[in-house]
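> Before we start, here is the structure in question, set down as structure tokens.
Just so it is clear, none of the values below were taken in a lab; they were calculated from the coordinates. Quick caveat: nothing in here was measured; it's all calculated off a predicted structure. We place every Cβ from the backbone using ideal geometry, glycine too, and count neighbours over all the protein chains shown.
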There are 2 protein chains.
Amino acid sequence: MKIIVQKFGGSSLSTQEKRLQAANKVIAAKKDGYAIVVVVSAMGRTGDPYATDTLINLVKNINRDINPRELDLLLNCGEIISAVVFCQVISNLGYEAIVLTGAQAGIITDNSFTEARILKVNPEKVFKNLKDNKIVIVAGFQGITHDGELTTLGRGGSDTTAAALGVALDAQFVEIFTDVDGIKTADPRIVKDAKTLDVVTYNEICHLAHQGAKVIHPRAVEIAMQKNIPLRVRSTFNDAPGTLVTNHSDMQNSVEISSDRLITGIAHVPRITQLKIPTKNYKDIKGLELKIFRSMALSNISIDFINVHPDQVIFTVRDDDAEKAEQIINNLGLEVEVLPGCAKVSAVGANMAGVPGVMAKIVEALTEENIQILQTADSHTTIWCLVKKEDMEKAVIALHRKFNLS
Amino acid sequence: MKIIVQKFGGSSLSTQEKRLQAANKVIAAKKDGYAIVVVVSAMGRTGDPYATDTLINLVKNINRDINPRELDLLLNCGEIISAVVFCQVISNLGYEAIVLTGAQAGIITDNSFTEARILKVNPEKVFKNLKDNKIVIVAGFQGITHDGELTTLGRGGSDTTAAALGVALDAQFVEIFTDVDGIKTADPRIVKDAKTLDVVTYNEICHLAHQGAKVIHPRAVEIAMQKNIPLRVRSTFNDAPGTLVTNHSDMQNSVEISSDRLITGIAHVPRITQLKIPTKNYKDIKGLELKIFRSMALSNISIDFINVHPDQVIFTVRDDDAEKAEQIINNLGLEVEVLPGCAKVSAVGANMAGVPGVMAKIVEALTEENIQILQTADSHTTIWCLVKKEDMEKAVIALHRKFNLS
């Protein structure tokens, strides 16, 4: 039995017409002789009655501080409703299908409500139904703990469900269907001639996703990578082959030898605030730094772009967290210089490690456009630049052009 | 620990204002020192996005023949959403509450999807949370099978959940909150001076409910009766004491000695079709009758008011099933006389058995009003009359008056 897992996001399921197009993708794969597991997200976006954000608003309008446990119970319904609706579309086309909740599909998680991690997958029920020649439709984004609590996997969780099922079922590949043609070298709303990548490595896509490319959730990529299950990111609404995500050695054997590609793509994250804390007037600087980072962690504020210098500590937070972060630092008796309205622009490439001149090219590209670099950081796969938000689009376009990605 | 189970129907939960009134009933009982289990139905009626009928329409518009298993998965969401919303109302008023799905509350059912029967209740999780001083909010109308399938209990299923939990928890009593003041001697929309009954026996209410009084589901009454858990039917929207449902011996000791009450109430069921099949030209009449009843059962048509005579078979079906029933009879090669637009009017009273003259009084009441009696039937607790639908209201009023129920 050759198995494919196909995941459809909310934007592919928001109307009956779109659901029909999605169903055609399922049936085409079924006709090709595959056993099919479909993973669905909740239908549509805010405003649609059964979308995740609508359900959140329904209860947050009553009680802003809803318990994460009850929030997860509620959000479980969004994907179940979506799965039952999609099942009817498939049935109506004459194919036998069955819906399984995350719990029924054997998705066992820890009890970190709203951000649960999959501990293991017990795929027996999925297998049994596939053997009965049924299309198995699984409610994505959800799981169950060992003691019967219902959980959700956090944003992008349906990708994670699909990847975990792909691994557990030893699937041929996992298809992530979305409303774009695949993974692009940059956001096509910014870079008009951004190219769809034919093949990328798990590492490249993972870094791109972490840096703001929203097509696939990085946790899903990490899971698929462990067992080397290929992912394919493609559009629900056309027949383009999309982007194959695989490992490096598979790429060497593929038609398109892209291992000498220096930069895979340009990603960006808007709405970032930079915080600068002068520390030179303090004796116990190490103790102070520890205090700052601990306070942020305790308040559940995610910090990034951390540059610790002898006389100052610089880091960034999301704009939404900026006010709270400033308050915390002031409560520690410290001054802080706050620069809101920044954006992070990243050049991602698995093969840039050890290649000289990459940073030089980036600085060159940005300087040519008179873009001020507020801060930089780098790893062996990514170089990040913090710029002002009004420079973000210009920066993405300049970097895309400098590395000949079109 | 003294436990009360409180059940709120969809019409008590349809708006935030109504949910607040319901929450006040919960908190009042909590302040009286009780441990509280709340059972909720889905919110509102058709048109409300999370009501049962709306969810049914959502999928039946795509596939009329939805699998009952998937329908139940979908309908489970209605009560879960309602429970999470109501939990926020309670939390917002400063009381600690937790939501349990039917499965989490230990409601174990058989696998008769859409009409599942409760096999047992494992109340450990409910008990544990009550001991932690939490208000436990249970999604009504739903359960789980031994092999993890989600089921629903059929119409009125939240009453059944409440009664089953009341029995399993050995509750002091079960309160059924609704939008009327209690159980009436007749439908107040028909009989203006219908009285709210203070006390009725399980048997009386059970027969009234089976005969069309919609305030409480008969299965719930049967379950409560087994362990003699008192039920109280009362309004969410005022402080009237409502109707206490208990057993006969408890009633003897109650202030209101009503055991010599002949008739408890007048019930009615509209939209009934009478079918008359002449059989005198057939040799094997017994075989024929068997064929008729078996065919109806196989087609899942519920038949009622069955009068078998040497020369004809008479019975009734719901108007919705009439066309199908006629077809089936014709397919057996039989003639049938179809009389649509009938209604069943019933006088219910646990103490009418062996009392002479009850039927005489009924005939008298209807004849005085020139109402044609199309058919009658009787048991030791109920006398039914079939009348034309245009006579139904007049018949209910006449019987109500004749037995001095006002």
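> Going through the cross-link list A:K120/B:K134; B:K227/B:K344; A:K276/A:K388, which pairs have a Cα-Cα distance over 26 Å in this structure?
Table pairs above 26 Å Cα-Cα are A:K120/B:K134; B:K227/B:K344.
> Might you list the cysteines of chain A that have no disulfide-compatible partner by the rule of another cysteine's Cβ under 4.7 Å?
A:C87, A:C206, A:C342, A:C385
> For a quick check of your reading of the filter: which trypsin sites (Lys or Arg not before Pro) in the range B:49-85 sit in a DSSP loop and have no more than 15 other Cβ atoms within 10 Å?
Values: sites: B:K60, B:R64, B:R69; in loops: B:R64.
Taking the range B:49-85 and a limit of 15 other Cβ atoms within 10 Å, the loop trypsin sites (Lys or Arg not before Pro) found are B:R64.
> Near the amide H of A:A213, under 5 Å away, which other amide H atoms are found, from residues 5 or more places off or on another chain, if H is placed in the peptide plane?
The answer is A:H268.
> Tell me, what HN-Hα J-couplings in whole Hz come from the Karplus equation 6.51 cos²θ - 1.76 cosθ + 1.60 at θ = phi - 60° for each residue of the range B:132-139, using x for Gly and Pro?
7, 6, 8, 7, 9, 9, 10, 5
> Largest first and to the nearest Å, give the Cα extent of chain A along each principal axis.
Principal-axis extents of the Cα atoms in chain A, largest first: 72, 52, 34 Å.
> Still on this structure: What does the structure give for A:71-79 when I average, per residue, the other chain Cβ atoms found within 10 Å of the residue Cβ?
What the average comes to for A:71-79 is 5.
> Can you list, bin by bin at 20 Å, the percent of alpha carbon pairs in the protein assembly as shown, starting at 0?
Final binned percentages: 14, 36, 30, 14, 6, 0.
> Excluding residues on the same chain fewer than 8 positions from A:K31, give the aspartates and glutamates whose Cα lies under 19 Å from its Cα.
Candidates past the 8-residue exclusion: A:E96, A:D132, A:E175, A:D239.
> Hey, how much of the P(r) for the range A:3-179 falls beyond 25 Å, as a percent of Cα pairs?
27
> Hey, another quick one. Find the centroid of the Cα atoms in the range A:111-161 and in the range B:92-120, then give the distance between the two in whole Å.
21
> Moving to a separate point now. Mind computing the radius of gyration and Dmax over the alpha-carbon atoms of the range A:265-402? Å is fine for both.
Cα only, the range A:265-402: 16.0, 47 Å (Rg, Dmax).
> Right, here's the next one. Put the label 7 Å from Cα along Cα→Cβ for B:D32; what are its distances to the other copies, in nanometres, shortest first?
For B:D32, the other copies' label points sit at 6.5 nm, shortest first.
> Rounded to the nearest 500 deg cm²/dmol, what is the calculated helix-only ellipticity per residue at 222 nm for chain B, with -39500 (n - 2.57) per DSSP H run of length n ≥ 4?
-11000 deg cm²/dmol
> I've got another one for you. Find the Cα radius of gyration of the range A:154-308, compare it with 2.2 N^0.38 Å by division, and give the number to two decimals.
Computed over Cα atoms of the range A:154-308, the ratio equals 1.29.
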